[in-house]
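I'd like to ask some things about the structure below.
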2 protein chains.
Amino acid sequence: MLATGLSITLPDWLPGWLQSWPHSIKGETERMAFVVELARRNVDEVSGGPFAAAVFEQESGRLISAAVNRVVPQHASIAHAEMLALSLAQQSLGCHDLGAPGMPAMQLVSSTEPCSMCLGAVPWSGVRSLLCGARDEDARELGFDEGDKPSDWPRLLARRGISVRRDLLRVEAREVIGRYALKGGEIYNGRYED
Amino acid sequence: MLATGLSITLPDWLPGWLQSWPHSIKGETERMAFVVELARRNVDEVSGGPFAAAVFEQESGRLISAAVNRVVPQHASIAHAEMLALSLAQQSLGCHDLGAPGMPAMQLVSSTEPCSMCLGAVPWSGVRSLLCGARDEDARELGFDEGDKPSDWPRLLARRGISVRRDLLRVEAREVIGRYALKGGEIYNGRYED
């Protein structure tokens, strides 16, 4: 009997942690501070990789979804924080397109620039903007493989009407990845032939 | 209260449909025939987009997972057939890495070449080979956006130890996409700024 459904859950500590935060976060730096803090907590709780992401209503700052990396504990290599934040937002709103007519513009906030998979997922999601903390090269430097991304990816997203703002709290977001590496967290990766 | 778990299910007809197929499929063309037939059934049942994918043990041909596109009915833009087939295989085997030590080599068979997101997901999954039916341009021609993919993507996967074989039953796989378009199936897409 093959599996007929995919289930990926967030850590048990997450709903309680969320209660100490407002339901709306107005400033973009403050939204990033929320996401970086979420990534740090995921490292400290040993509940996944050092990455977090959230979807906000762009104007009002209303929080729609918040997620952390769950690859290893949930046995799913697609369970990056961005993929979960996007999907949870869509399922909460009952639509596969966060840019559907009549919906307020949505923003994805990610503690680290998206890997090749998550970058590919952004245009399909319907979000209209992307905020990034740590750079792709910060993750690479600490041992994570980010995949084969076009070097001009922010321009390619802009062509699709998705604005990109980078380096928000980059130092703090990078520190969280370093904290994970120091604690001996598993660095799961693609493989190269020698 | 924000969502704390992602759940994506396959269509109800799928387990019954699977019973008419063997548990192992030896030849690569036969594996593709299985996947194309699965995509066609998904169109006829109006249970998602015109795409299917499956994970097989490369040598034995043992079927590990089989999935179809579920984007619209499951409200999740990440619910492409490849993403679900990879995740279901990993969750069935209890490991985020289908290339983990001691595991037999795994193969992803997809009725159409992967979009940018699914292409990014392939190296993270641990599969060692990829079989494709319809070409990327077949899907584009029929209105689907495949995203910004490097033109030499088969070589980039090969560098990572993942072999690619293309154009297996391309005509048949393309016909399924056309069948969906003819029936007026929703073509969900990324957006371009004018």
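The values are calculated or read from the model by the stated rules, or taken from the named source; none is laboratory data. This one's a predicted model, so the numbers in the text were calculated from it and none came from an experiment. For neighbour counting, all protein chains shown are included, and Cβ atoms are generated from backbone atoms with ideal geometry for every residue, glycine included.
With respect to B:ALA181, is the statement that it is within 23 Å of A:SER125 (Cα to Cα), at pLDDT below 95, part of a helix (DSSP H, G or I) and among the aliphatic types (A, V, I, L, M) true?
In short, yes.
Sort out which residues of region B:106-153 are in a loop (DSSP other than H, G, I, E, B) and either under 13 Å from B:ALA85 (Cα atoms) or away from chain A (no Cβ under 12 Å) (or both), and write them in order of number. Talk me through it step by step, then tell me what you get.
At the first step, the residues of region B:106-153 found to be in a loop (DSSP other than H, G, I, E, B) are B:113-115, B:126-128, B:135, B:142-152.
Passing the criteria: B:GLU113, B:PRO114, B:GLY126, B:VAL127, B:ARG135, B:LEU142, B:GLY143.
Taking the options A:GLY120, A:GLY147, name whichever one is within 30 Å of B:SER129 (Cα to Cα), buried (at least 22 other Cβ atoms within 10 Å of the Cβ) and free of Cβ contacts under 8 Å to residues at least 24 places away in the same chain.
None of the others qualify; the one that does is A:GLY120.
For region A:179-189, does any single residue satisfy the condition of being within 10 Å of chain B (Cβ to nearest Cβ), of a type in the set (S, T, N, Q) and buried (at least 19 other Cβ atoms within 10 Å of the Cβ)?
No.
Inside region B:17-33, can you point out the residues that are under 13 Å from B:LEU168 (Cβ atoms) and out of contact with any Leu (no Cβ under 8 Å at 6 or more places or on another chain)?
B:GLY27, B:GLU30
Kindly evaluate B:GLU37 against the criterion of being of a type in the set (Asp, Glu), within 13 Å of chain A (Cβ to nearest Cβ) and in a helix (DSSP H, G or I). First the steps, then the outcome.
Details: of a type in the set (Asp, Glu): yes; within 13 Å of chain A (Cβ to nearest Cβ): no; in a helix (DSSP H, G or I): yes.
So B:GLU37 fails the test.
Here's a follow-up. Considering only residues of region B:123-171 that are among the small types (Gly, Ala, Ser) and in contact with a Leu (Cβ under 9 Å, 6 or more places away or on another chain), which is farthest from A:SER125 (Cα to Cα)?
The selected residue is B:SER163.
Still on this structure, please answer the following. Any chance you could count how many residues in region B:63-92 are within 8 Å of chain A (Cβ to nearest Cβ), surrounded by fewer than 24 Cβ atoms within 10 Å (Cβ to Cβ), closer than 21 Å to B:GLU45 by Cβ and out of contact with any helix residue (DSSP H, G or I) (no Cβ under 6 Å at 6 or more places or on another chain)?
3
Right, here's the next one. So how many residues does region A:1-33 have that are more than 10 Å from chain B (Cβ to nearest Cβ), free of Cβ contacts under 8 Å to residues at least 60 places away in the same chain and touching a strand residue (DSSP E or B) at 6+ places or on another chain (Cβ under 7 Å)?
2
May I ask you to list the residues in region B:150-163 that are touching a residue at least 12 places away in the same chain (Cβ under 8 Å) and either aromatic (Phe, Trp, Tyr) or over 22 Å from B:ILE78 (Cβ atoms) (or both)?
B:TRP153, B:PRO154, B:GLY161, B:SER163
Same structure again: Quick check on this structure: which one of A:LEU98, A:LEU6 is assigned to a loop (DSSP other than H, G, I, E, B) and either modelled with pLDDT under 95 or within 30 Å of B:GLU186 (Cα to Cα) (or both)? Don't jump to the end; show me each part of the working.
Values: A:LEU6 fails: assigned to a loop (DSSP other than H, G, I, E, B).
After applying the criteria, what remains is A:LEU98.
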